[in-house]
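Engineer: First the structure, which I've put down as structure tokens, then a few questions once you've had a look.
The values are calculated or read from the model by the stated rules, or taken from the named source; none is laboratory data. Here the structure is a predicted model, which means the values were calculated and not measured. Methodologically, a virtual Cβ is constructed for each residue, glycine included, from the backbone with ideal geometry; neighbour enumeration extends over all protein chains shown. Ligands, DNA and RNA are stripped out before the accessible areas are found, and what is left, the full protein with its side chains, is counted by its heavy atoms. Shrake-Rupley method; radii C 1.70, N 1.55, O 1.52, S 1.80 Å.
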Amino acid sequence: MSMRLDNLTFKGGLHVPDNKGLVSSKAIELAREPKTVYISLQQHVGAPCEALVKVGDNVKVGQKIADSKAKLAAPIHSSVSGVVKGISKMYTTTGIKCDCIEIESDGLNEMHESVGTKADLSKLSKSEIIERIRESGVVGLGGAGYPMHSKLISSEGCSVDTAILNGAECEPYLTCDHRIMLEHPDKVIFGLEVIMKYLSVEEGYIAVENNKMDAIDALKNASKGKNIKVVSLKTKFPQGDSYRIVDAVTGRKVPRDARCKDANSIVSNVHTAYSVAEAILDSKPLYERVITVTGNGIKEPKNLLVKIGTTIGELIEQCGGFNGKPGKIIAGGPMTGMAQFSLDTPIVKTTGGILVLTEEETKVDKVQPCIKCGRCVEVCPVYLEPLYIAAYSLKDNYEAAERYDALACISCGSCSYICPSKRPLTEAITHAKNEIKSKRK
Amino acid sequence: MEGIKTDSVVLDDMLTVSAAPHIRSNESVRRIMLDVVIALVPAMIGSIYFFGLNALKLLLVTTISAVFFEAAMQKLFKKEIRIRDLSAVVTGILLAFNLPAGAPWWVAVFGAGFAIIVVKELFGGIGSNFMNPALAARAALVASWPGIMSNYVNPDGMSAATPLAILKDGAGSLPSIQRMLIGDIGGVIGETSVILLLIGAAYLIIRKVIDWKIPAIYIATTAIFLLLFGVDSNAIIYHILGGGLILGAFFMATDYSSSPVTPKGRIIFAIGCGFLTALFRLYGSMPEGVSYSILLMNVASPVIEKWTKPRVFGEVKRNENR
């Protein structure tokens, strides 16, 4: 176990200008009440949920409106009180078309009676902890969307001895995790204590990139006297990838095709821990989250506490609208986020940011021949040779791409970012990955 | 919303929707090549100072003809004209650096044509050449006109043997180390001034255009093998400072497309260059060996790359962690 607790990092990766200054100093604001929300039935990795309500039903805030019997699924709750207007297929920020429950808000924000039951962690049994987390619909809010209770259950019996909260927030522009850590360090720490208690882990870590020193200080203060160490990570992309965090904090390499638990570690995003805390403390379901709306294409960048199902257009409007002509609207960060094609798209639990790039920033340079400079090899955090995988992929030679370990790619975007020839390396490798996987099925 | 309708149909035509990542670094091929040109400026000025207008003439002839041949080939093959990427300029300058000051202009033109047409464009252009174009051209010129290519003149205009030739033949007196550092000795025009080359090399390392490991390992390996082969330790410094080792190690062996991209591959490549250079210098027919060493290792690069495919993250036995 590493004894150094400062400036930890992994091999590979790169420095990306973080552009967090646009919004990092702005406190979390409560977003304006949306008139209508569109709540997707697919908010997490795993099986989609089935609606528990029908058109015409009245619902309240925090009421469970969809669930699934599948192992890998988490229930979904209404974020407003009002009437169910319809259930229809819509695109969400993930680019996948899925059923969405349309709820017209009555503006009253009436809370469902299931919300607000207090609990004392020391008196909760393991099964009660799991039950509360599951019923609150907590999923990984760092972007992966892995149902939290499933993660805890599957980590049992893997002799997990290290619990790490991921506060790296290495994606440029985004500051929602930063604000959560700064404004609610107690809840973040409490969330970690829940995880530690459930898995009987002695020592917990909160790992934060050192471009957020105020958050590090806040967490250090709040964790005094607890078995929790706040460690600083080097500001480097993709430091927030869970395998990279495990490597940086513990020095252990998560085996290929394995999960963090195989390196005896559990990693959770800080916002997820915050939601776990709310689930345990107040049985408050995950029907809202903090989202950073930012970019030079936005008039007033903000960190907003937003109800799930709010449309992107609403959020942009609340941030003063577009600053000039928008070039690209991205759900998530600029390195791994998804470009959006409509303002009517509702956000889901895993949406951490809405980034609007200006037309100027969106301009793409012409793709030039690969000069074999090797920069993509240098920065790849999984030690691949992106230039060759991409070249084979573009020649439809997926067997060769597989031999070059295309499937190990984590799609972090580092290779495309650094390429002086502006080649679409990540895009081509992702294509190869999809082709290889579809052949295996 | 500032004249922009929130109607998604309107936005559809306006927004760029493409895959991540959505931001790119400021790196560009042109910028990299410009950095190499900038790094070569001190040695260029030095070559003109030491060898006079002949050097300037050769620099201009090789560069202009390299750019011309590149544009002509791309036009002929109906490809995009890419001379703005400055790679042909780099090849032109490096080729001139590899010519003796007395070389006639047509030798320079022939060299540029060979480098660009045969070595670069016929193999697919920038990034696809498997040998360093300037070095391959030098080899072709040495094979075709050995007399012209080995007729070294001293900066004073007198025909002179290079320090390595003096070492090899044992005839004549060696110049001082100081003169070798400054570049006041015989040789091809760009290789003589160690100091000016190192200034440019330092710039490239600071700008992260080249990896310091290749030149450092190359030079160290050369010295080590020369010692192992029984060369007197006092002569080692002449071997390092002379015979184009500095030029080759920093500016030729680091050529992207003809050297391996893998970290381990680069080390093996550099060791190979050093070993061959030592071997050629002692047992070859010509006193220098840098060009052929690098060219041979260029040919071996694809194989080295295959051997040295990096081990993917987490490719460990499951219990290696505990």
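Engineer: In region A:403-417, which residues are surrounded by fewer than 24 Cβ atoms within 10 Å (Cβ to Cβ), facing chain B (nearest Cβ under 7 Å) and either among the aliphatic types (A, V, I, L, M) or within 15 Å of A:LYS372 (Cα to Cα) (or both)?
Structural biologist: A:ALA408, the sole residue that qualifies.
Engineer: Look through B:LYS213, B:LYS168 and report the one residue that is farther than 20 Å from B:MET44 by Cα, open to solvent by 70 Å² or more (accessible area, probe 1.4 Å) and within 15 Å of the chain's Cα centre (by Cα).
Structural biologist: B:LYS213
Engineer: Next up: Can you confirm whether region B:89-107 contains a residue that is open to solvent by less than 30 Å² (accessible area, probe 1.4 Å) and without any contact (Cβ under 8 Å) to a residue 24 or more places away in the chain?
Structural biologist: Looking through region B:89-107, none of the residues is open to solvent by less than 30 Å² (accessible area, probe 1.4 Å) and without any contact (Cβ under 8 Å) to a residue 24 or more places away in the chain.
Engineer: Scan region B:66-75 and tell me whether some residue there is at pLDDT below 95, surrounded by fewer than 20 Cβ atoms within 10 Å (Cβ to Cβ) and among the small types (Gly, Ala, Ser). Give the derivation first.
Structural biologist: Going residue by residue through region B:66-75, those that are at pLDDT below 95 are none.
The answer is no, given that none of the residues of region B:66-75 is at pLDDT below 95, surrounded by fewer than 20 Cβ atoms within 10 Å (Cβ to Cβ) and among the small types (Gly, Ala, Ser).
Okay, residues lined up against (1) on the phi < 0 side of the Ramachandran plot; (2) charged (D, E, K, R):
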position: B:GLY230; (1), (2): no, no
position: B:GLY248; (1), (2): yes, no
position: B:PHE251; (1), (2): yes, no
position: B:THR254; (1), (2): yes, no
position: B:ARG266; (1), (2): yes, yes
position: B:PHE275; (1), (2): yes, no
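Engineer: Within region A:257-364, considering only strands (runs of 3 or more DSSP E) that don't extend past its boundaries, which have at least 3 residues that are closer than 30 Å to A:ILE245 by Cβ and more than 7 Å from chain B (Cβ to nearest Cβ)?
Structural biologist: Values: elements: A:265-269, A:288-294, A:302-307, A:326-331, A:338-340, A:353-358.
Here the list reads A:265-269, A:288-294, A:302-307, A:353-358.
Engineer: Filter region B:108-121 down to the residues that are free of Cβ contacts under 8 Å to residues at least 40 places away in the same chain and surrounded by fewer than 20 Cβ atoms within 10 Å (Cβ to Cβ), then identify the one that is nearest to the other protein chains (Cβ to nearest Cβ). Walk me through it before giving the result.
Structural biologist: Step one: of region B:108-121, the residues free of Cβ contacts under 8 Å to residues at least 40 places away in the same chain are B:110, B:114, B:118-119.
Next cut, surrounded by fewer than 20 Cβ atoms within 10 Å (Cβ to Cβ) only: B:110, B:118.
Numbers: B:PHE110: 26, B:VAL118: 18 Å.
Among residues in region B:108-121 that are free of Cβ contacts under 8 Å to residues at least 40 places away in the same chain and surrounded by fewer than 20 Cβ atoms within 10 Å (Cβ to Cβ), the one nearest to the other protein chains (Cβ to nearest Cβ) is B:VAL118.
Engineer: If we scan region B:124-131, do we find a residue that is of a type outside the set (S, T, N, Q), modelled with pLDDT under 95 and either more than 22 Å from B:PHE251 (Cβ to Cβ) or over 17 Å from the mean Cα position of the chain (by Cα) (or both)?
Structural biologist: Yes, that holds for at least one residue.
Engineer: Pairs, please: C-beta under 7 Å, at least 6 apart or cross-chain, first residue within 15 Å of A:GLY309 (Cβ to Cβ) and in region A:33-61, second charged (D, E, K, R) and open to solvent by less than 40 Å² (accessible area, probe 1.4 Å)?
Structural biologist: A:PRO34/A:LYS307; A:VAL37/A:LYS307; A:GLN43/A:LYS349; A:HIS44/A:LYS349; A:CYS49/A:ASP67
Engineer: Out of all the residues in region A:311-369, which are open to solvent by 10 Å² or more (accessible area, probe 1.4 Å), of a type outside the set (S, T, N, Q) and touching a Pro at 6+ places or on another chain (Cβ under 8 Å)?
Structural biologist: A:GLU314, A:GLU359, A:VAL367
Residue-by-condition table, conditions (1) in a loop (DSSP other than H, G, I, E, B); (2) open to solvent by 50 Å² or more (accessible area, probe 1.4 Å); (3) among the aliphatic types (A, V, I, L, M):
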| position | (1), (2), (3) |
| --- | --- |
| A:GLY12 | yes, no, no |
| A:ASP18 | yes, yes, no |
| A:SER25 | yes, yes, no |
| A:ILE39 | no, no, yes |
| A:PRO48 | yes, yes, no |
| A:ALA70 | yes, no, yes |
| A:GLY86 | no, no, no |
| A:GLY95 | yes, no, no |
| A:CYS100 | no, no, no |
